[in-house]
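First comes the structure, then the notes that go with it.
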Ligand SMILES: [Zn+2]
């Protein structure tokens, strides 16, 4: 179901729109020193993305303060920290449901190394559950999310009209993790 989204241009357009929105809010809020924020986007070379959608993922929206030069990077539904893979790949490919029929072929086409997939699974099982985001939010899920089946067990808790709405809601939930934090510093 969700894997069809990997080929859906409307879904990528939606993610880009959400990120533009978040970037606009970040810029409007200004720097902590009250200086004005100027655009200073990071170029990205995304992996885990079909070539035709790459243009939606070539920039991470970020700003530089005109007064103190400090950087402020907007939260993102497209990128999970500094990982070179798209956030949605980190969610979809790490889920154990990923191994079925056409989706398996699609994921194979995107050539995510097994080692990377294993690292993501370890991250979900270990680092993710210790993040302030999850510690603060986990109590709100009733019945509790099955930690043995993250992230699939988390994804299935988001409701929406269709798969795009559910996955984008899940990615929105994860956006606090997309600002720079220690647990995400390790790339890929
Ligand atoms: Zn500043």
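Out of the range 115-149, which residues are out of contact with any strand residue (DSSP E or B) (no Cβ under 8 Å at 6 or more places or on another chain) and within 21 Å of residue 51 (Cα to Cα)?
Answer for the range 115-149, where residues must be out of contact with any strand residue (DSSP E or B) (no Cβ under 8 Å at 6 or more places or on another chain) and within 21 Å of residue 51 (Cα to Cα): just 117.
If the Cβ limit is 7 Å and pairs must be 6+ apart or interchain, which residue in the range 60-86 that is more than 23 Å from residue 9 (Cβ to Cβ) and at pLDDT 90 or above pairs with which residue that is away from the ligand (no atom under 15 Å from the Cβ) and part of a strand (DSSP E or B)?
That search, which allows pairs on different chains as well, returns 62/42; 73/60.
Residues that are touching a helix residue (DSSP H, G or I) at 6+ places or on another chain (Cβ under 9 Å): find the strands (runs of 3 or more DSSP E) completely inside the range 1-95 holding 3 or more of those.
It comes to 37-39.
So which of 27, 22 ends up being surrounded by 15 or more Cβ atoms within 10 Å (Cβ to Cβ), in contact (Cβ under 8 Å) with a residue 12 or more places away in the chain and within 15 Å of the ligand (Cβ to nearest atom)? Spell out the reasoning first.
Numbers: 22 fails: within 15 Å of the ligand (Cβ to nearest atom).
Sole residue among the options that is surrounded by 15 or more Cβ atoms within 10 Å (Cβ to Cβ), in contact (Cβ under 8 Å) with a residue 12 or more places away in the chain and within 15 Å of the ligand (Cβ to nearest atom): 27.
Taking the range 96-120, which residues are under 19 Å from residue 154 (Cα atoms), surrounded by 18 or more Cβ atoms within 10 Å (Cβ to Cβ) and modelled with pLDDT of 70 or more?
Answer for the range 96-120, where residues must be under 19 Å from residue 154 (Cα atoms), surrounded by 18 or more Cβ atoms within 10 Å (Cβ to Cβ) and modelled with pLDDT of 70 or more: just 120.
Within 16 Å of the ligand (Cβ to nearest atom) and closer than 21 Å to residue 174 by Cβ, is that true of residue 94? Break it down into steps so the answer makes sense when it comes.
Numbers: within 16 Å of the ligand (Cβ to nearest atom): no; closer than 21 Å to residue 174 by Cβ: yes.
Judged against the criteria, residue 94 is not a match.
The values are calculated or read from the model by the stated rules, or taken from the named source; none is laboratory data. Computed from a predicted model, the values in this text were never measured in an experiment. When we count neighbours, we look across all protein chains shown, and the Cβ atoms used for this are built from the backbone with ideal geometry, even at glycine.
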